[in-house]
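Single-structure report; data block below.
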Amino acid sequence: MKLTGVEIRTIAMPLVAPFRTSFGTETVREALILRAVTPDGEGWGECVAMSDPLYSSEYVSAAADVLQRFLVPALGQVEDLDAPAVAPTLAPFKGHRMAKAALEMAVLDAELRAEGRSFARELGAVRDRVPCGVSVGIMDSIPALLDAVAGYLDAGYVRIKLKIQPGWDVEPVRAVRARFGEDVLLQVDANTAYTVADARHLAQLDPFDLLLIEQPLDEEDVLGHAELARQLRTPVCLDESIVSARAAADAIRLGACSIVNVKPGRVGGYLEARRIHDVCAAHGVPVWCGGMLETGIGRAANLALAALPGFTLPGDTSASDRYYRTDITEPFQLDGGTLAVPSGPGLGVEPVPEALDEVTTSTTWIPL
Ligand code: NPG
């Protein structure tokens, strides 16, 4: 396969409700949608970088820049391109994993569509539906939080994740347990908001039988997580720290986590995400699929990944209406707490042209 060119669209999609984390509040999801064009057809990719470099160092306009100036031209040089060749070709360019992941995804989609194979089959999925959790942002008050959680449980979500930060941690968890009981699968996500000096405070979460605490400490503080893991009964799960299969293997070896959140964008693509799944499976470490407020494009691929055998915990793979009034693909709808894994060629979904145009704020075509 040889690329003819890549179209990069910046989109802006209003969220149904503000989403607040320890690092900021999102009201509009800005993202990049890539279309890789080949003589045999096209493929779609989504870049999960956010507008601002608050979750990681990547951000939308930097991703667009590195794609345009370096990554896409480098792939344009490859005569016999396939998805496994993308990461090695782009390896000389440091970092920018979310941008690289988007490009690999578009190439993989083009390749699979042309061959009539699905992402799910290619990645090794073993399920045709996946159970879904939901991530609940920081709220202004406990009653507002309880209302939001009640709504999600009524909708059928099988696991609740509460965003936490200093000042919004033990009490919200206590309140959710008190109102909804011990049987609700419950976990928390700190997005690096604590230090290892908070260990005794975080140990107050232990009585609530959480599935896990996600990324309590700085992304570079792997040893701190190992120390914290020794002091908590709640299992420690890493997100931001796990940027590759090697990082996953190291973190497991050091005792820094016993569960891993897999986000393909964070690790440079779906093929590296699968390697993390494999490394974790080999160590008996459960994984689950994270979310980055994806459109239907990224969601389709995440569902394929979440259907692999090692994904034994429900992911942040919520239905389209948890995020957007109108998605750019046909919406993913919750049924019995699960979403269907797309089975058509490639991602199995495509943007609805009018819906995509509606949210597009700029388009760049990079001819090769
Ligand atoms: O359901 O897509 C979703 C959101 C899940 O909480 C979620 N994502 O830190 O995992 C996270 C968080 C996030 C959202 C991170 C947006 C970065 C950007």
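The values are calculated or read from the model by the stated rules, or taken from the named source; none is laboratory data. All of these numbers come straight from a predicted model, not from anything done at the bench. FYI the Cβ positions are ideal-geometry reconstructions off the backbone, even for glycines, and counts take in every protein chain you see. When the accessible area is computed, the model is the full protein with side chains, heavy atoms only, and any ligands, DNA or RNA have been set aside. Shrake-Rupley method; radii C 1.70, N 1.55, O 1.52, S 1.80 Å.
The H on the amide N of Gly5, modeled in the peptide plane, is under 5 Å from the matching H of Val37, Leu368, each at least 5 residues off or on a different chain. Put the Cα centre of segment 232-290 next to the Cα centre of segment 58-110 and the gap is 22 Å. The fraction of Cα-Cα pairs per 10 angstrom bin, counted from 0 for segment 121-340, comes to 8, 35, 37, 18, 1 percent, rounded to whole percents. Kirkwood hydrodynamic radius for the chain: how many Å is it when counted over pairs of different Cα atoms? Hydrodynamic radius (Kirkwood, Cα only) of the chain equals 20.5 Å. Nonpolar atom fraction for segment 1-107, defined as the carbon and sulfur part of the 1.4 Å probe accessible area, stands at 53 percent.
Residue separation of Thr312 and Asp335 scaled by 0.36 nm, minus their Cα-Cα distance, works out to 6.4 nm of gained length. Across segment 265-368, the mean sequence separation of Cα contacts (distance under 8 Å, 6 or more residues apart), normalised by length, yields a relative contact order of 25 percent. Ordering of 303-309, 60-66 by packing is 303-309, 60-66, highest average first (other Cβ atoms within 10 Å, averaged per residue). Among the protein heavy atoms of segment 121-340, carbon and sulfur supply 49% of the accessible surface, probe 1.4 Å, non-protein parts ignored.
Counting 0.36 nm for each residue step from Asp206 to Ser141 and taking away their Cα separation leaves a gain of 21.1 nm.
Residues of segment 125-159 with an amide N closer than 15 Å to a point placed 7 Å from the Cα of Ala178 along the Cα-to-Cβ direction: 141-147. Here segment 1-125 yields Rg over Rh of 1.00, to two decimals, using C-alpha coordinates and the Kirkwood radius. Among the protein heavy atoms, those of Trp365 account for about 120 Å² of accessible surface (1.4 Å probe, every chain in place).
Probing with 1.4 Å while keeping every protein chain in the model, the per residue accessible area of the chain equals 39 Å².
Our summary gives segment 26-81 a relative contact order of 24 percent, counting only alpha carbon pairs under 8 angstrom and 6 or more residues apart.
Sequence-ordered 3J(HN,Hα) estimates for segment 35-46 from the Karplus curve with 6.51, -1.76 and 1.60 and θ = phi - 60° stand at 10, 8, 10, 10, x, 9, x, 10, x, 10, x, 10 Hz, glycine and proline given as x. Distances between placed amide hydrogens fall under 5 Å for Asp52 paired with Val60, all partners being 5 or more residues away or on another chain. Once label points are set 7 Å from the Cα along Cα→Cβ at both Glu358 and Asp278, what is their separation, rounded to one decimal in nm? So the label points at Glu358 and Asp278 sit 4.1 nm apart. Taking every alpha-carbon pair under 8 Å whose residues sit at least 6 apart, the chain reaches a relative contact order of 22 percent. Over segment 23-84, the fraction of Cα-Cα pairs per 5 Å bin, rounded to whole percents and listed from the shortest bin up, is 4, 15, 23, 22, 15, 11, 6, 3, 1.
Looking at the chain, the DSSP beta bridges with both ends there are about 60 percent antiparallel. Residues whose amide H falls under 5 Å from that of Arg29, counting only those 5 or more places apart or on a different chain, are Met13, Leu15, with hydrogens built in the peptide plane. Length available on full extension from Asp82 to Ser61: 0.36 nm per residue minus the Cα-Cα distance, which gives 4.9 nm. Near Lys163, which lysines are there with a Cα under 29 Å away, not counting those fewer than 8 places off in the same chain? Candidates past the 8-residue exclusion: Lys100, Lys263.
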